[in-house]
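No value in this document is a laboratory result; all are computed from the given coordinates. The shown structure was predicted, so the numbers you read here are calculated from the model rather than taken from an experiment. For neighbour counting, all protein chains shown are included, and Cβ atoms are generated from backbone atoms with ideal geometry for every residue, glycine included.
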Amino acid sequence: QLQLVESGGGLVQAGGSLRLSCAASGHTLTNDVVGWFRQAPGKERVFVAAINWRGGTFYNASMKGRFTISRENAKNTVYLQMNSLTLEDTAVYYCAAKLRFLSSLVSEYEYWGQGTQVTVSS
């Protein structure tokens, strides 16, 4: 059973950077897509970025340029580098996994981590 654990969240000032990690266990990420999503209080879960096993990427257009997704297969880990953070980036960030094809749809992802809180202060 695939398990995903996020880490790297925390409190950061506006304009700062954070790198989130999503570590997978119980299954080697080979034919999988890993995505990052975020959910602010009282709002729906929103797609941030996804990466497939060949390193192909897909971004929420509103975040592309500030956020970069990458993976390190040897460590079975996917990262989300977030730069130039704003107050609007405050949310719980989740990683999720699905098979084969890149997607932005929450409903298509089968496995989810517990999330990591990112808080951006002014």
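Please get the size of the charge dipole for the chain, origin at its Cα centre, with Cβ charges of +1 on Lys and Arg and -1 on Asp and Glu, quoted in debye to the nearest 20.
Dipole of the chain, to the nearest 20 debye: 220 debye.
Taking H placed 1.01 Å from N in the peptide plane, check which residues at least 5 places from Thr90 or on another chain put their amide H under 5 Å from its amide H.
Correct list: Val120.
Enumerate the amide H contacts of His27 below 5 Å, restricted to partners 5 or more residues apart or on another chain; note that Pro and chain-start residues carry no placed amide H.
Gln3
Report the equivalent ellipsoid semi-axes for segment 1-73 in whole Å, largest first, defined as the square roots of five times the eigenvalues of the gyration tensor built from alpha carbon atoms.
After scaling each eigenvalue by five and taking roots: 22, 15, 13 Å.
How much space per residue, in cubic angstrom, does the convex hull of the C-alpha atoms of segment 48-92 take up?
78 Å³
Determine, from the Cβ-Cβ distance of Asn60 and Leu11 and an R0 of 22 Å, the FRET efficiency 1/(1 + (r/R0)^6), rounded to the nearest 0.05.
The computed FRET efficiency comes out at 0.45.
Which three extents, in whole angstrom, do the alpha-carbon atoms of segment 22-122 cover along their principal axes, largest first?
39, 24, 22
Pairs of alpha-carbon atoms within less than 8 angstrom and 6+ residues apart define the contacts here; what relative contact order does segment 30-119 have, in percent?
Computed value for segment 30-119: 33 percent relative contact order.
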